[in-house]
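Step one of this worksheet: look at the structure below.
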Amino acid sequence: MVRTILDSSNASFDWIDISEPTLEDFETLRSKYQLHEASIKDCLQIGQLPKIEEFENYHFLIIRSIPAKFDNFSDTLTEITERISIFFSDKFVITVHRGNIEYLEKLADNFPFNKLSSSKLFINHLTSEALKTFENLVINKLNTQLDSYEEMVFLNRRKKDFLRQLYYIKRQIDLIRIILTLYKDIVDFFHLSAFKNIYTQDLKDIYARSSTLYRNISENTAQLLSVYFNIESNHTNDIMRTLTIISVFFMPLTFIVGVYGMNFKNMPELEWYYGYPAVILAMAVLAALIYYWFKKRRWL
């Protein structure tokens, strides 16, 4: 669906928005704004990463942001991010997207003419709003989830699907860090002298803050996984130590029982009147000696 949000009669540039794009939507726009087929093709493809390209009459930009809601067990690019493809020059802006983009709709409903008087300011603002969604995800969701998982690990309250949930958080963070790495070229481009304005420093600050947040939460997630596996390993070692101690107690006792269970005729002990209680006493003394030795070595 193609809709005109701004036109040059009431603004300094045209803003045309296309949702759920098809090739037919670009038939008129291609000739009017001299759009290149390569950038139109990129708009229609799924899964494009953030980038900026320069053409003869315009620039082509792809930005990604975090949707308002997504499944906790999502880990692909299209599941945890939403995309806006943008054609822009001094005279026009064409935004192309699938589905509803919350911050884009807010701009369309209440466009701030006093702040975004040119297309450059508008594109800078859109990129800033996209980056803010990454920052909000860390602050409002991922940090809270990670805190709860830390409590599960250290207070030994792990739930059945704990490791699966933590795995998907790690996948989401790693994917977002890749996206933010690609955003660096876009941020640097807007910081060039031709595009630099009072808002470009804000864009750079938002990018730096988001990158730092995701670097920190990535390290925290990796450390939490490491702690979890160390705790599980220590727990397994405790179990194995207990089983080893039990086996050490019973190995010599089992040996004695095995010897006297052979029932050969030429075993004089079998005829002793006090043979049975003597063997039981010897086994008890041996068990006591093993226990004393373990205590002395502080293995118990």
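The values are calculated or read from the model by the stated rules, or taken from the named source; none is laboratory data. All figures in this text were calculated on a predicted structure; none of them were measured in a lab. All Cβ positions, glycine included, derive from the backbone under ideal geometry; neighbour counts span all protein chains shown. What goes into the accessible areas is simple: the full protein's heavy atoms, side chains included, and nothing from ligands, DNA or RNA. Shrake-Rupley method; radii C 1.70, N 1.55, O 1.52, S 1.80 Å.
Here are some conditions: (1) open to solvent by 80 Å² or more (accessible area, probe 1.4 Å); (2) in a helix (DSSP H, G or I). Phe264 meets all but one. Which one does it not meet?
(2)
Report the residue count in region 55-65 for those that are surrounded by fewer than 22 Cβ atoms within 10 Å (Cβ to Cβ) and more than 20 Å from Ile40 (Cα to Cα).
Result for region 55-65: 0.
Of the residues that sit in region 152-184 and are modelled with pLDDT under 90 and open to solvent by 90 Å² or more (accessible area, probe 1.4 Å), which one is nearest to Thr76 (Cα to Cα)?
Tyr167
Which one is farthest from Leu107 (Cα to Cα) among residues in region 1-53 that are acidic (Asp, Glu) and part of a loop (DSSP other than H, G, I, E, B)?
Filtering region 1-53 for residues that are acidic (Asp, Glu) and part of a loop (DSSP other than H, G, I, E, B), the one farthest from Leu107 (Cα to Cα) comes out as Glu20.
Considering only region 80-103, I want to know if a residue exists there that is of a type in the set (Phe, Trp, Tyr), in a loop (DSSP other than H, G, I, E, B) and in contact (Cβ under 8 Å) with a residue 40 or more places away in the chain.
Within region 80-103, none of the residues are of a type in the set (Phe, Trp, Tyr), in a loop (DSSP other than H, G, I, E, B) and in contact (Cβ under 8 Å) with a residue 40 or more places away in the chain.
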